[in-house]
Amino acid sequence: EAGVAQSPRYKIIEKRQSVAFWCNPISGHATLYWYQQILGQGPKLLIQFQNNGVVDDSQLPKDRFSAERLKGVDSTLKIQPAKLEDSAVYLCASSSGTSDYEQYFGPGTRLTVT
Amino acid sequence: SQKIEQNSEALNIQEGKTATLTCNYTNYSPAYLQWYRQDPGRGPVFLLLIRENEKEKRKERLKVTFDTTLKQSLFHITASQPADSATYLCALARRVSNYQLIWGAGTKLIIKP
């Protein structure tokens, strides 16, 4: 079974620029998550989708971050404009359900904002 | 808000010994708790899940315990191997409709040959 795919793997941008990350979850997984992981910390949930609907975006900085999951399959996370503190690894994960289910993670996108 | 504490310093263990990692939490008791392994440059990989009404879970050389009175979970790797070297993260599921996971910062485990 193919795993969670993410691209790009690395991205370097200047502050105030915009950037987009793409995620393709495991086939058939209805739940998709975007996490932000700052060096030395655990992942922090940014947004959770169930099919193409948003379940939880309470920790998403909506003034600069946006995400969509059209057709309930792959997803895009965008940052506009980026700030220095957005430097982190952005992880996408998927699961077949919401409760008691393990999450499968992609390799992540390492973002550096200069 | 929920606070999760894992050993911030790296844990060095001799090959063949048992490694024990700690996850302590404050405030409310989670619906369940998961342990993940993360290697450098990669996403976390699920290892074990333990529910609030379970005391212990085992999988091959791995064992997890959950003590809701102490607000603590212990993660054990028996007969440790250098290949077990990684960062281990615990994640607690909040008692909300989406069972949002709150993650610890992880403990770096180093198994010396």
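When you look at the Cβ of every residue in A:31-40, what mean number of other chain Cβ atoms sits within 10 Å?
Per residue, the average neighbour count from other chains is 2.
Could you please report the charge total around B:Ile13, scoring K, R as +1 and D, E as -1 over all other residues with beta-carbon less than 14 angstrom from its beta-carbon?
Working: positive: B:Lys17, B:Arg61, B:Lys108, B:Lys112; negative: B:Glu9, B:Glu15, B:Asp84.
Result for the local shell: +1.
Report the local net charge at A:Thr109: Lys and Arg +1, Asp and Glu -1, summed over other residues whose C-beta lies under 13 Å from its C-beta.
+4
Which whole-number percentage describes the relative contact order of chain A, with Cα contacts under 8 Å and a sequence gap of 6 or more?
Taking the mean separation of contacting Cα pairs over the length of chain A, I get 37 percent.
Sort B:Phe66, B:Phe46 so that the residue with the fewest other Cβ atoms within 10 Å of its own Cβ comes first and the one with the most comes last.
By the 10 Å Cβ count, ascending: B:Phe46, B:Phe66.
Quick one: of A:Lys44/A:Lys78; B:Lys3/B:Lys63; B:Lys3/B:Lys112, which pairs are farther than 26 Å apart, Cα to Cα?
B:Lys3/B:Lys112
Let me know the mean shielding of B:93-101 by other chains, meaning the per-residue number of their Cβ atoms within 10 Å of its Cβ.
Mean shielding count: 5.
Taking only the Cα atoms of chain B, how large is their convex hull per residue, in Å³?
Spread over its residues, the Cα hull of chain B gives 101 Å³ apiece.
Net charge near B:Tyr88: determine it from the other residues with C-beta under 12 Å of the C-beta of B:Tyr88, scoring Lys and Arg +1 and Asp and Glu -1.
Computed value for this residue: 0.
Determine the shielding of peptide A:95-102 by partner chains: average, over its residues, the number of Cβ atoms on other chains within 10 angstrom of each Cβ. Mind showing how you got there, number by number?
Details: counts 1, 0, 1, 5, 6, 7, 4, 8.
For peptide A:95-102, the averaged partner shielding equals 4.
Could you pull the Cα extents of chain A along its three principal axes, largest to smallest, in whole Å?
Taking the Cα atoms of chain A, the three principal extents are 37, 26, 24 Å.
Taking the Cβ of each residue in A:Lys78, A:Lys11, A:Lys71 as the centre, tally the other Cβ atoms inside 10 Å and list the residues starting with the fewest.
Result, fewest neighbours first: A:Lys71, A:Lys78, A:Lys11.
When the Kirkwood radius is taken over all Cα pairs of the stretch B:70-113, what Stokes-Einstein diffusion coefficient follows at 25 °C and 0.890 mPa s, in µm²/s?
Estimated diffusion coefficient is 197 µm²/s.
How far apart, in nanometres, would the label points at A:Ser58 and B:Arg51 be if each is projected 7 angstrom from Cα along the Cα-to-Cβ direction?
Output for this residue pair reads 2.3 nm.
Give me P(r) over the protein assembly as shown, computed from all C-alpha to C-alpha distances, binned every 10 Å, as integer percentages.
Calculated P(r), rounded to whole percents: 8, 32, 35, 20, 5, 0.
Values quoted throughout were computed directly from the atomic coordinates according to the rules given, and no laboratory measurement underlies them. What you see is a predicted model, and the numbers here were worked out from it, not measured in a lab. Positions of Cβ are generated from backbone atoms using ideal geometry, with glycine treated the same way; all protein chains shown enter the neighbour counts.
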